[in-house]
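Provided herewith is a single structure, encoded as structure tokens, for subsequent inquiry.
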Amino acid sequence: MKIGLIDVDGHNYPNFALMKISSFHKKENDTVEWVNHIEKYDKVYMSKVFTTTPDIRTVIQADIIERGGTGYDIKKVLPEKIDNCNPDYSIYPVSEWYDGKTAYGFLTRGCIRNCRWCIVSQKEGTIRPYGDIEEILHGMNKAILMDNNVLACEHGLLQLEKIVDLKCRVDFNQGLDARLVTAEIAGLLSKVRFIKNTIRFACDSDESFESVEIAKDLLQTADFKGIISIYVLLTEDIRECLSRIMNLDCLDWKEGRRTYKISLFAQPYIDFTCKRKVPQWKSDMARWCNMKSLFYSHNFGNYQPRKGFYCREYF
């Protein structure tokens, strides 16, 4: 068979499902390639992660077209025979965003939380074991782990211990749950070799601020020497979001002559159903927060990419 792949979201990040699909079909001695729209295929797989990504409008010449991913169907999953395959990294050439030396995978799937702005519990259910770090690494020495709540699973904690023993570098790119960090877990995390020496948490509401602060203090006590990066979800209240950003920025701490920084990254909340457009203030606040030259030179009330928008009504 001649198999075509389409990453509808673009090639700025490896598509885990398409890599597994490629691996499966190559084992079946099928030809696999990125779709060339002048060619005809026996079967084409289209994967779309984000509901906001525009669909492909170009005519696709194929006997069968299969669409999958959250952007198409929140409940659709890979067949077990494909999901059990190791990802095929060869479909992605080495580039400025993919070094060819980093593995991708999940140690766990699902989550114990049911946050109103997150679809993980709807899509994957509660937390469960999924992968092993040695199988994910597949001979490489660093891995991007896409778990949604690895600390909520005993299997995840055992895998963390294994990561420490293997001395590989990892990045939990979806962030860790600060509410689950205990003194013991902080001690374990302080031994992990994180990519870019950065550990990630999320602070999605005022209620989660205290948990982040406690996790920071526990990591400090455990002698964690890296950067703490905080994902700041911009929800519905402009004042609450700004307050959260400013309070998080005050969590930096000093040890001797060294200052340990809290790095913030703001992300506008996007309605999964695409029924509501992202308000302009969220895009502006994210840009202001994430561009440190703006963040440290202007307060948000004075940052006016559109004259007159931020007025005394808000500040």
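Hey, can you tell me all the residues within region 67-102 that are under 23 Å from E28 (Cα atoms), in contact with a helix residue (DSSP H, G or I) (Cβ under 9 Å, 6 or more places away or on another chain) and not in a loop (DSSP other than H, G, I, E, B)?
G68, K81, I82, D83, Y89, S90, I91
Of the conditions (1) farther than 28 Å from K123 by Cα; (2) surrounded by 13 or more Cβ atoms within 10 Å (Cβ to Cβ); (3) free of Cβ contacts under 8 Å to residues at least 40 places away in the same chain, V94 satisfies every one except a single condition; which number is it?
Status for V94: all satisfied but (2).
Could you please let me know if R200 is within 28 Å of W288 (Cα to Cα) and in a helix (DSSP H, G or I)?
Details: within 28 Å of W288 (Cα to Cα): yes; in a helix (DSSP H, G or I): no.
No.
Continuing with the same structure: Go through region 125-154 and give me each residue that's in contact with an Asp or Glu (Cβ under 9 Å, 6 or more places away or on another chain) and assigned to a helix (DSSP H, G or I).
Within region 125-154, V150, L151, A152 qualify.
Which one of these is at pLDDT below 95, among the aliphatic types (A, V, I, L, M) and over 20 Å from M146 (Cα atoms): V32, V49, V77, V59? Lay out the reasoning, then the answer.
Values: V32 fails: at pLDDT below 95; V49 fails: over 20 Å from M146 (Cα atoms); V77 fails: over 20 Å from M146 (Cα atoms).
The match here is V59.
Please work out which residue is modelled with the highest pLDDT, limiting yourself to region 234-267 and to residues that are under 30 Å from G71 (Cα atoms), surrounded by fewer than 18 Cβ atoms within 10 Å (Cβ to Cβ) and of a type outside the set (S, T, N, Q).
F265
With Q122, Q174 as the choices, which residue is in contact (Cβ under 8 Å) with a residue 24 or more places away in the chain, part of a loop (DSSP other than H, G, I, E, B) and either within 17 Å of the chain's Cα centre (by Cα) or within 24 Å of C203 (Cα to Cα) (or both)?
Numbers: Q122 fails: part of a loop (DSSP other than H, G, I, E, B).
Only one candidate qualifies: Q174.
Another question, if that's okay. Got a sec? Which of V32, V44 is assigned to a strand (DSSP E or B), touching a helix residue (DSSP H, G or I) at 6+ places or on another chain (Cβ under 8 Å) and either closer than 25 Å to D99 by Cβ or not polar (S, T, N, Q) (or both)?
V32
Out of (1) free of Cβ contacts under 8 Å to residues at least 40 places away in the same chain; (2) out of contact with any Lys or Arg (no Cβ under 6 Å at 6 or more places or on another chain); (3) within 17 Å of E124 (Cβ to Cβ); (4) surrounded by 14 or more Cβ atoms within 10 Å (Cβ to Cβ), what's the single condition that is false for D30?
Among (1) free of Cβ contacts under 8 Å to residues at least 40 places away in the same chain; (2) out of contact with any Lys or Arg (no Cβ under 6 Å at 6 or more places or on another chain); (3) within 17 Å of E124 (Cβ to Cβ); (4) surrounded by 14 or more Cβ atoms within 10 Å (Cβ to Cβ), D30 violates only (3).
Quick check: is even one residue across region 12-21 surrounded by fewer than 18 Cβ atoms within 10 Å (Cβ to Cβ) and outside any helix (DSSP H, G or I)?
Yes, the conditions are met somewhere in region 12-21.
What about E66, is it out of contact with any strand residue (DSSP E or B) (no Cβ under 9 Å at 6 or more places or on another chain) and either under 28 Å from L107 (Cβ atoms) or without any contact (Cβ under 8 Å) to a residue 12 or more places away in the chain (or both)?
When the stated conditions are applied, E66 does not pass them.
The values are calculated or read from the model by the stated rules, or taken from the named source; none is laboratory data. Computed from a predicted structure; not experimentally measured. So basically every Cβ, Gly included, is an ideal-geometry build from the backbone, and we count neighbours across all protein chains shown.
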